[in-house]
Amino acid sequence: MPLPLAPKGPLDKMSFSDLGLSQKVLDAVTATGYTEPTPIQAQAIPEILARRDVLGIAQTGTGKTAAFTLPMMTLLEQGRARARMPRTLILEPTRELAAQVEESFNKYSVGQRLDVALLIGGVSFGDQDIKITRGVDVLIATPGRLLDHFERGKLLLTGIEILVIDEADRMLDMGFIPDIERICKLVPFTRQTLFFSATMPPEIQRLTETFLHNPVRIEVARQSTTASTITQRLVASHGQASAKRETLRRLIRDAEELKNGIIFCNRKSDVHIVYKSLSKHGFNVAALHGDMDQRSRMAALEAFRNGTTQLLVASDVAARGLDIPEVSHVFNYDAPHHAEDYVHRIGRTGRAGRKGTAYTIVSDSDAKVLGAIELLIKSKIEFDGPDLANLPPDEGERRTERGRGRERGERGERSSRARREPRRAREPENVAETDDQPDEHVARETPRAEWPERQERTERAPREERRERPRRDERRPRDRDDDGPTPKGLGEHVPSFMLRSVKLPPKSPEPEEAETAHETED
C-alpha cells in the first residue's frame, strides 16, 4: 500500500508563520533573512509538529536540514535534558554534514536554551564525554562514534524522543546500514522518526518499512532529478592522466563567470595528485578527502566557504549535503562510479535558485557509466566541443607512439642484420694483438675450438659437481661430539641432555621364566 502523501496547497503564498512554529523560532528565521519556506519545508514542518513519522525525498539544495531543525526546536522548548540521556538524535553520514547541522542549530536557536553536542571522529573522547554528562537536548553524531560512546557506557539512548536519519542513501553507500539498524533497536519504540534522502533505492525502502510507523511521504521532486538551473556539459578527453589534467586546467581557464568551483575525483590518491598539479600551475586550490585529519578538513572547507580558496579538489565526502550556497561551477575530473553520485555532485552548484555549471570529463572507458547517468536523470547531456568519436588524437600520445615505433624499427633492423651476417671466427693472431686486455677477456674472445680441454671440462662440470658435491649437512661443522645419529626433527640444535646415555632397569622375567626359576630353586 503506498504511503500517504502530505497535502499540497498554495505553497507559493505560504510563509513560516503559517507552519505552526513557535515565536522564538520565527524570530530566529526572520533574523536570518528567510521569508518563504521551500516546498519540502512547507510540507514537512506541519507533519513533524503533529508528531508523525516523515519520509522526505527531495533533491539536494532544497532545504531538508531546516525542514527538521526548525520544528525540532519548537518541540524541544518544553522539557529538560538529563545527564547522558539526550532528547533527540540526528545521524549524519560524514563529519562535515554533522558539523553543518550543528551550525544550523546554533544559527536558529538564538534566544533558546538548547544544549547541542557533536559526536564525530577526529575529536577527543574526553571533551565529548563532558558535554554528554552535562545533558544535551540535541545530539548530532556519525554512527561509528555514537556506538563507540554507547559501548563505553558513556551514553544512554533510552530518552530519545525524536530520531532523524539524514542522507540515508549516503549511509547505504558508506556501509552504515547495519549500524543504523542497531541504533534504531536501541532507541525507544515510541520515538518519532524522520527519514530524509535524495534517492530511494530498494535497501532504503526496506529500512523505512521496518523502522517507520505509518509515515507520511513527502516527495517534492522526482527522485534523482537535477536542478533546472544547472547547465550540464560533457568534455571529451583521452584516458591518460596527464591528458585529463590538461583538459581540467583548460576548462578552469576558459570557464565563464567562474567564481569558485569544486573538483570531484573518485579516488583519494587522485585528489592529492590533482591538487598538486593545480598548485604547480598557479591555481588557488585546497584539498578535501577522508584520510585528512578533522582539523585540516574543516580548515579547507572553511577557506573555500569564505572565499580564501577558489577551487576545492575533493572526493565524494563533499558530494552530499554540504551547504555552500554560491558555488558557481562543479568539475567532475572522474565520472562517478554510481549514477546517483552524479546527482549529488552537481547539486553543490545551482542551489537556492541560483545558476550553476557542471562539467564532466569523460573518456572511452566511461561510456557505460555515462549511459547509466543519462538513464537515471532521464536526460541526455550534450558535449562541450567534440565528442568522443571526433576527439583529435593526443599529441603527447602520438609522440610517444612514434618514439616507440622508431625504437622497435631500429631494434628489428639490428636483429635482422645480425641474422644476415655470419659470425666470423676470430683468428688466434687477433688475440695476440690484445695483450693489454685481462685474461678473462682474452679467453672470451678466443674461439672455443682452440680450447678443447676447457670445452669438455665446461660441459662435464655441472653434472660431476652435482654428483661429487658434499651434502649440506656434511659441509657444516658440528658444534658437538658425534655420539650417534641425530634425533629426527631436531637438526643440529639438539639439547645436550638428550644425548646422554641412559641406563635401562633390568628386564623383569616373563611369567614362564619366573615359574622355571622357582622350580629350580626348589
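Roughly how many Å is it from the Cα centre of region 156-218 to that of region 316-373, as a whole number?
Going from one Cα centre to the other spans 26 Å.
Hey, what's the per residue convex hull volume over the C-alpha atoms of region 230-392, in cubic angstrom?
Taking only Cα atoms, region 230-392 has a hull volume of 110 Å³ per residue.
With the crude spin-label approximation of a point 7 Å out along Cα→Cβ, what separation in nm comes out for Leu156 versus Glu374?
5.9
Using Cβ counts within 10 Å as a stand-in for footprinting exposure, how do Arg145, Arg134 rank, fewest first?
Ascending Cβ contact count within 10 Å gives the list Arg134, Arg145.
Once you have the Cα-Cα distance between Arg80 and Arg500, take 0.36 nm times their residue separation minus that, and quote the gain in nm to one decimal.
Here the segment from Arg80 to Arg500 would lengthen by 142.9 nm.
Once amide H atoms are placed 1.01 Å from N in the peptide plane, what residues at a sequence separation of 5 or more from Ile90, or on another chain, have their amide H within under 5 Å of its amide H?
Sorted by chain and number, the residues that satisfy this are Leu139, Ile140, Ala141, Val164.
Whole-Hz Karplus ³J(HN,Hα) for region 367-375, in order, using 6.51 cos²θ - 1.76 cosθ + 1.60 and θ = phi - 60°, x for Gly and Pro?
My calculation for region 367-375 gives 5, 5, 5, 4, x, 5, 5, 5, 5 Hz in order.
Working out 0.36 nm times the residue gap between Lys131 and Glu203, then minus their Cα-Cα distance, what length gain in nm do you get to one decimal?
Gain on extension, Lys131 to Glu203, equals 22.5 nm.
From the cross-link list Lys268/Lys368; Lys64/Lys131; Lys280/Lys380; Lys244/Lys355; Lys185/Lys268, which pairs have alpha carbons spaced over 24 Å apart?
Exceeds cut-off: Lys64/Lys131; Lys280/Lys380; Lys244/Lys355; Lys185/Lys268.
From the phi angles alone, apply the Karplus equation (6.51, -1.76, 1.60; θ = phi - 60°) to region 289-294 and give each ³J(HN,Hα) in whole Hz, x where the residue is Gly or Pro.
Those phi angles translate into 8, x, 7, 6, 5, 4 Hz.
Would you kindly state how much longer the chain becomes between Ala303 and Glu257 on full extension, computed as 0.36 nm times their sequence separation minus their alpha carbon distance, in nm to one decimal?
14.6 nm
Regarding region 91-242, what whole-number volume in Å³ per residue does the convex hull of its Cα atoms give?
195
Hey, fewest Cβ within 10 Å first, where do Phe196, Phe68 land in order?
Listed from fewest to most nearby Cβ atoms, that is Phe196, Phe68.
Which whole-number percentage describes the relative contact order of region 11-219, with Cα contacts under 8 Å and a sequence gap of 6 or more?
Relative contact order comes out at 28 percent.
When the Karplus curve 6.51 cos²θ - 1.76 cosθ + 1.60 is applied with θ = phi - 60°, which whole-Hz ³J(HN,Hα) does each residue of region 188-201 get, with x for Gly and Pro?
Listing the rounded values in order: x, 5, 8, 6, 9, 10, 10, 10, 10, 7, 8, 10, 9, x Hz.
Determine, for His272, His281, His344, the number of other Cβ atoms within 10 Å of each Cβ, and report the residues in order from fewest to most.
The most exposed by this proxy come first: His281, His272, His344.
Residues in region 235-257 near a label at Phe383, defined as backbone nitrogen under 14 Å from the 7 Å Cα→Cβ point?
Within reach of a label on Phe383, which here means backbone N under 14 Å from a point 7 Å along Cα→Cβ, region 235-257 contributes 235-239.
Since every read-out is calculated from the coordinates, none of them should be taken as a lab result. Please read all numbers here as calculations on a predicted model, not as lab measurements. Here the Cβ is made from the backbone with ideal geometry for all residues, glycine too, and neighbour counts use every protein chain on show.
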